[in-house]
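Worksheet for the structure shown next.
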Amino acid sequence: MHISSFYMIRRSFKTVSILLFFAFSVQQINHPTFAAEVLFKENEPEWRYSVRPGDNLIRFGKQHLINPNDWLVLQKLNHIKNPRHMQLGKILRVPLSLVKQLPAPAEIVLASGQAGILKADKSVQPVTAGQQLTAGTELITGENSKLNIKFADGSIVSMQPKSTMKLDTLSMYSGGGMVDTKLRLQQGKVETEANPEHLQGNQMQIITPTAVAAIRGTKFRVSANDVSIKQETLEGKVALMAAGQEVAVDKGFGSLSEGGNAPLPPVLLLPAPATGNLPIKLEAVPVAFNMPAQEGAVAWLGKVSNEPQFNRILDEQLSLGSNLRFSDLPDGKYYLKVRAKDKQGLEGYDATHEFNLSARPFAPEVVAPTQAATVREANPELTWTKIEHVNEYLLELARDADFKQLLDSRRVPDTVYKIERNLEPGQYFWRLASIDSATDKVQDQGPYTAASSFTYKAKPNKPDISQLNVKVLRNKAYVRTINPPEGLVYEAVLQNEVNKQANVWHATGLNGEFDFLLKEYGQQKLLLRLVDTDGVTGPDAVCEFNASPQ
């Protein structure tokens, strides 16, 4: 080929290249995506992508955009001069309408109690762990029930008892580069660990009848009903929106919106209650805990589970006082999760307390003597109630409330026992435990009753009248005898047996000298007895004398 021809061809090739580039540029200018950039609105939903090593606009378009050539839209929107170079860490604004989109998976990871899918006819379809869910699914939990749902970005939403929630949007953009989740909480409460990997761009919204909680963090709670929403942020940050206004609720704070009004300024959440002094061994049902006083707390919410993860809630109670009581739990090992509520109804941080319940077979109830009673018999009779399926009881009698000074310990095959030994005056303590009738092993003995006390106080003795003397002057009798023992007084009754007259004269509270008027002369009988401060009388001492005028 002639060299001039070569230059001509080369010059023609260059001209063609220029024309092709011009045509390509014109095509881009007239491409619909160019118009999309012009029409893009500032409030359009967008993905905020953090630029990573090796990223450039052209490569980003191929990997993430529906139309790879829409990188031109991003170039202008983000004011990028060189599409082949972007600063590391730069936040790239990407309209969601341009990004590849697929349905995002959601999966039941835990189902406990009465929980399932709420159908159109209001029936409930049970669910199981591993079951896949799609957008539009409505879920419901009953009392003491729980549902944990895992989303495409690893977020876990835990539906608490008596809640209803619809999965509105489950979208995954660009093969998982961004996940968009919108949940509609009609009523109840959810506890959420959102975006645990802290991936840029992932977003979750929990929509209630009156407000929206937009998640910018990880752990938080949302509770809602028809008129209010309460939100507590345990980690990260949540944006609470209502009535066109938004507040940022940082870690450790909570806010609420009532009646569709704007959210209140965030307030500090109450700290976890102090549970260090709560009992770790309980021997009675219902199970009860007295919560220690906590500044700002007006109520306590407690849950009981037999698992430290609280996947299965056995009972949940709200107490407006400090006493938390739970239903009749079987014997075993349990966990208490408790948090305080403030006057606005916002719930604070959780405390967990481990305890053991050993209440069976149930202890009987003491019948007699009643607590702190005084008995007058040296061999009093003890009685108690019968427990079903129990035919034997362990009885302990002691002089101290700790039962270290035991006087008696025996098995009694009945609900009554008469103390065999003669008691000395003083205070005594006794308690009972049921023994499982199915076996004779010690470990099948139930817990003891609380110590019940009684005091044995002997009846007054017969008065010593060996020195009693009666002197009659005119129609009056003068009696002199030894003074009664300390703490006792005399009671006297005059009788005239000749005339068959009883209670001719009667008086109490007497000491060793007293007198009385005679109604007639003749043979008289004076009954004298000792009376203690409880009004209990001892046996009579009888003194007979003849009353004649002097």
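Taken per residue, the accessible surface of the chain reaches 53 Å², heavy atoms only and a 1.4 Å probe. Listed values for the stretch 280-295 are Karplus-derived 3J(HN,Hα) couplings in whole Hz (6.51 cos²θ - 1.76 cosθ + 1.60, θ = phi - 60°), namely 9, 10, 10, 10, 8, 10, x, 5, 9, 10, 9, 6, x, 4, 9, 4, and x replaces Gly and Pro.
Ordered from largest to smallest accessible area (heavy atoms of protein chains, 1.4 Å probe), the residues VAL249, VAL542 come out as VAL542, VAL249. Subtracting the Cα-Cα distance of ASP540 and LYS90 from their residue separation scaled by 0.36 nm leaves 151.2 nm. In the frame of its principal axes, the stretch 464-550 has Cα extents of 36, 23, 19 Å, reported largest first.
One Cα centroid belongs to the stretch 63-95, the other to the stretch 102-127; the line between them spans 40 Å. Local charge for ASP414 was computed over the other residues whose Cβ lies under 13 Å away, with Lys and Arg +1 and Asp and Glu -1, and equals +2. Taking chymotrypsin sites (Phe, Trp or Tyr not before Pro) in DSSP loop states with no more than 15 other Cβ atoms inside 10 Å as exposed sites, the chain has its longest site-free stretch at 1-348. For the chain, what % of the accessible area comes from carbon and sulfur atoms, probe 1.4 Å? Carbon plus sulfur share of accessible area: 51 percent.
Listed peptides 185-191, 127-133 appear in the order 185-191, 127-133 once ranked by packing, highest mean of other Cβ atoms within 10 Å at the front. Hey, what do the phi angles of the stretch 491-500 turn into as Karplus ³J(HN,Hα) couplings, whole Hz, using 6.51/-1.76/1.60 and θ = phi - 60°, x for Gly and Pro? Coupling constants for the stretch 491-500: 10, 10, 9, 9, 10, 10, 6, 4, 9, 6 Hz.
Indicate the gyration tensor shape class of the stretch 291-400 (rounded, prolate or oblate), computed on the Cα atoms with a ≥ b ≥ c the square roots of the eigenvalues: a/c under 1.5 is rounded; otherwise a/b larger than b/c is prolate and the rest oblate.
It is prolate, given that a/c is not under 1.5 and a/b is the larger ratio.
Hey, which of these cross-link pairs are over 31 Å Cα-Cα: LYS337/LYS404; LYS119/LYS189; LYS462/LYS519; LYS303/LYS343? Beyond 31 Å: LYS337/LYS404. Over the C-alpha atoms of the stretch 358-405, the Rg to Rh ratio, Rh being the Kirkwood estimate, stands at 0.99. The label-point distance for VAL412 and GLU143, in a model that sets each label 7 Å from Cα toward Cβ, rounds to 3.9 nm. Positive-end ranking of GLY142, PHE220, ILE465 along the dipole of the chain, with charges on Cβ about the Cα centre, is headed by PHE220.
For q = 0.10, 0.17, 0.22 Å⁻¹, what log10 I(q)/I(0) does the stretch 199-312 give under the Debye formula with an equal point scatterer on each alpha carbon and no solvent? Taking Cα atoms of the stretch 199-312 as identical point scatterers yields -0.41, -0.92, -1.19. Just to be sure I understand the rule: take each whole DSSP H helix in the chain, project its Cα atoms onto its long axis, keep it if the span is 30 Å or more and its mean Kyte-Doolittle hydropathy is at least 0.0. Which ones pass? Membrane-span-like by this criterion, though nothing is claimed about a membrane: 3-30. Helices in the chain, meaning DSSP H runs of at least 4 residues, each add -39500 (n - 2.57). Divided by all residues, the mean residue ellipticity at 222 nm is -3000 deg cm²/dmol. Here the stretch 63-202 has an Rg and Dmax of 18.7, 59 Å, counting Cα atoms alone. The smallest convex shape that holds all Cα atoms of the chain, its convex hull, gives 285 Å³ per residue. Near ALA104, the amide H atoms lying under 5 Å from its own belong to LEU170, SER171, MET172; only residues 5 or more places off or on other chains count, and H is placed 1.01 Å from N. Rounded to the nearest whole Hz, the Karplus-based 3J(HN,Hα) values (6.51 cos²θ - 1.76 cosθ + 1.60, θ = phi - 60°) of the stretch 370-385 follow the sequence 6, 4, 6, 6, 10, 10, 10, 8, 5, 10, x, 9, 9, 9, 8, 7, with x at glycine and proline. For the stretch 250-316 versus the stretch 438-517, the inter-centroid distance based on Cα atoms is 60 Å.
For ASN483, neighbours were defined as the other residues whose beta-carbon sits under 12 Å from its Cβ, and their charges (Lys and Arg +1, Asp and Glu -1) total -2.
The values are calculated or read from the model by the stated rules, or taken from the named source; none is laboratory data. Predicted model only: the values in this text are computed from it and were never measured. Note that each Cβ is placed from the backbone with ideal geometry, even for glycine, and that neighbours are counted across all protein chains shown. Accessible surface areas use protein heavy atoms only, side chains included; no ligands, DNA or RNA. Shrake-Rupley method; radii C 1.70, N 1.55, O 1.52, S 1.80 Å.
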